[in-house]
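Shown next, in structure tokens, is the structure this report addresses.
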Amino acid sequence: MRNFLTYLAGLSIPILIFSCGSSTNEQSFDTSKLVRISPAEVDKIVEAFIMAEDSSTIEIPAGFYELKTQLILDNKSAVRIKGAGMDQTVISFRNLKSGGEGVKIVGNNIIIEDLSIEDAPGDGIKAQHTDGITFRRINVTWTNGDKSKNGTYAIYPVQCKNVVIDECIASHSKDAGIYVGQSENIIVKNSLAFGNVAGIEIENCDNAEVFGNIARNNSGGILVFNLPGLPKSDGKGTKIYDNDVIDNNHENFATPIGDGPNGNTVTMIPPGSGIVLLAAKEVEVYGNRIHRNKTTGVAIANYQITGFPAEAPNWSPYSTNIYVHDNQYERNWYQFPDFSRELGKLILVYNAHGFGKSQDIIYDGIWDENLGTSIDSNPMRICIQEPGMENLRFTRFFLTDGEENIDSFKDYQPFQNCKVEVKTDISSLAGL
């Protein structure tokens, strides 16, 4: 596969692309009229995090707080961190000279709500090794002009259990706006992600539901990934439903990080990607509005497509048990697939519907030959039941290590007449 990607990387696309820009009607708050909080009052907030006791509340009144240090809540239980509102309590880390995250949380049953975080040098807010973490009405963003210098993740729970992200806004991160990694029992709902490389990403997670969100003007709208070499390997059981995944045509400004086992995987996401499933397991995608994503609405891909090493203990590179159904698609006739990334070039040139045609659904067609001698038997259980499927642009690729055998097919019949039952249970999160 590496030879194939090298070939695509050098492929010249001598055409003129006309396309309208993505929506610029971005959610923002005017903080210029907020009271600037004195250094002495800022120090009290820092101290409140350090001295917090279990079952206490940290109140952060309205105002603009300029911090030169991180806010760290370490190994506490049942603490509520409460601002006066996203547009009223704003914490800026523009002057932070040490540390990575703006806010770092470790503990149990933590709630953080009603505030904004700006310009952290690393991640906006990170929760790690926390059982019970709720982000509610949190806005995390960067105000820099040069987005490649922004932080990696805006809202970032990792290695957590019982995660709720509700009515939040995440923007301008150079990786993912809302990223949940190596966690279990997850709800991401009623939130907005825009201007990021990836809007919402579920990575190596179990039992997640993503619904009622808007992902727009990102490079990729919603991602479900399983990457090798992480402390938690293959995740499974994700439902993505009732989301607006629209106009995700933003340039990909992620910074490449070497060429290791994962590199920086989001660098490969072509602008114009709606929903991307990579080495995903047991995922159901349904009832979403997937509109005007210029490269593809839904991409079902196996890890081999990245060109990175595809072997790790207790991990599989294949996307398996995928059920895509009852979504709504729209395309703009004047938008061409992206050609700044190899996957975008593949879709642009080799799709089954003609050069330069945006696709509604693509499947890279890589399968585990130990499970079947032909993809026509659907060995990976990729099930697609979209209304009006005959009018959608579906492409299944045939890829080898040599560019001479790239091919594509529009026949979706092998992936019809099947259904995958994806089980999730978020009842334990109902009260969070």
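The values are calculated or read from the model by the stated rules, or taken from the named source; none is laboratory data. Because the structure is predicted, anything quoted here is derived from the model rather than measured. Quick reminder, even Gly has a Cβ in these numbers, built from the backbone with ideal geometry, and neighbours come from all protein chains shown.
Things to note:
- Looking only at segment 29-47, residues that are surrounded by 13 or more Cβ atoms within 10 Å (Cβ to Cβ) and modelled with pLDDT under 95 come to 2 in all.
- For residue 381, the conditions (1) touching a residue at least 60 places away in the same chain (Cβ under 8 Å); (2) surrounded by 12 or more Cβ atoms within 10 Å (Cβ to Cβ); (3) in contact with a Gly (Cβ under 9 Å, 6 or more places away or on another chain) all hold with the exception of (3).
- Considered as a group, the residues in segment 102-124 that are within 13 Å of residue 152 (Cβ to Cβ) and touching a Gly at 6+ places or on another chain (Cβ under 6 Å) include one that is surrounded by the fewest Cβ atoms within 10 Å (Cβ to Cβ), and that residue is 122.
- Output for segment 358-374, where each listed residue is under 14 Å from residue 304 (Cβ atoms) and either assigned to a loop (DSSP other than H, G, I, E, B) or in contact with a helix residue (DSSP H, G or I) (Cβ under 7 Å, 6 or more places away or on another chain) (or both): 364, 365, 366, 367, 368, 369
- Checking each residue of segment 413-421 against the condition of being of a type in the set (Phe, Trp, Tyr) and under 24 Å from the mean Cα position of the chain (by Cα) gives no match.
- Highlighted here are the strands (runs of 3 or more DSSP E) found entirely within segment 250-350 that include at least 1 residues which are touching an Asp or Glu at 6+ places or on another chain (Cβ under 6 Å) and among the small types (Gly, Ala, Ser): 296-301.
- Residue match in segment 92-101 (condition: crowded, with 16+ Cβ neighbours inside 10 Å, part of a strand (DSSP E or B) and not β-branched (Val, Ile, Thr)): yes
- Here residue 166 passes the criteria (1) surrounded by fewer than 24 Cβ atoms within 10 Å (Cβ to Cβ); (2) at pLDDT below 95 except the one numbered (2).
- If you go through segment 72-91 and keep only what is assigned to a strand (DSSP E or B) and closer than 16 Å to residue 139 by Cα, you end up with 81, 82, 89, 90, 91.
- Selection within segment 144-159 - surrounded by 24 or more Cβ atoms within 10 Å (Cβ to Cβ) and modelled with pLDDT of 95 or more: 153, 154, 155, 156, 157
- Of all residues in segment 370-381, one or more are more than 18 Å from residue 295 (Cα to Cα), at pLDDT 95 or above and in contact with a Ser or Thr (Cβ under 8 Å, 6 or more places away or on another chain).
- Listed by first and then second residue, the pairs linking a residue in segment 103-123 that is under 24 Å from residue 144 (Cβ atoms) to a residue that is among the polar types (S, T, N, Q) and part of a strand (DSSP E or B), with Cβ atoms under 6 Å apart and 6 or more places separating them unless they lie on different chains, are 115/89; 116/139; 118/92; 118/141; 119/92.
Residue-wise test of (1) under 17 Å from residue 323 (Cα atoms); (2) among the aliphatic types (A, V, I, L, M); (3) surrounded by fewer than 24 Cβ atoms within 10 Å (Cβ to Cβ); (4) without any contact (Cβ under 8 Å) to a residue 40 or more places away in the chain.
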| position | (1), (2), (3), (4) |
| --- | --- |
| 224 | yes, yes, no, no |
| 230 | no, yes, yes, no |
| 238 | yes, no, no, no |
| 256 | no, no, yes, yes |
| 266 | no, yes, no, no |
| 286 | yes, no, yes, no |
| 290 | yes, yes, no, no |
| 303 | no, no, no, no |
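- Verdict on residue 344 being surrounded by fewer than 20 Cβ atoms within 10 Å (Cβ to Cβ), closer than 21 Å to residue 272 by Cβ and in contact (Cβ under 8 Å) with a residue 40 or more places away in the chain: no
- Subset of segment 46-78 (residues that are over 18 Å from residue 90 (Cα atoms) and among the small types (Gly, Ala, Ser)): 52, 55, 56, 77, 78
- Test: residue 260 is at pLDDT below 95 and either surrounded by 24 or more Cβ atoms within 10 Å (Cβ to Cβ) or within 27 Å of residue 149 (Cα to Cα) (or both): yes
- Restricting segment 353-373 to residues that are within 21 Å of residue 419 (Cβ to Cβ) and surrounded by fewer than 19 Cβ atoms within 10 Å (Cβ to Cβ), the residue that is farthest from the chain's Cα centre (by Cα) is 372.
- Scanning segment 323-334 for residues that are closer than 27 Å to residue 416 by Cβ and touching a Phe, Trp or Tyr at 6+ places or on another chain (Cβ under 9 Å) turns up 323, 324, 325, 326, 327.
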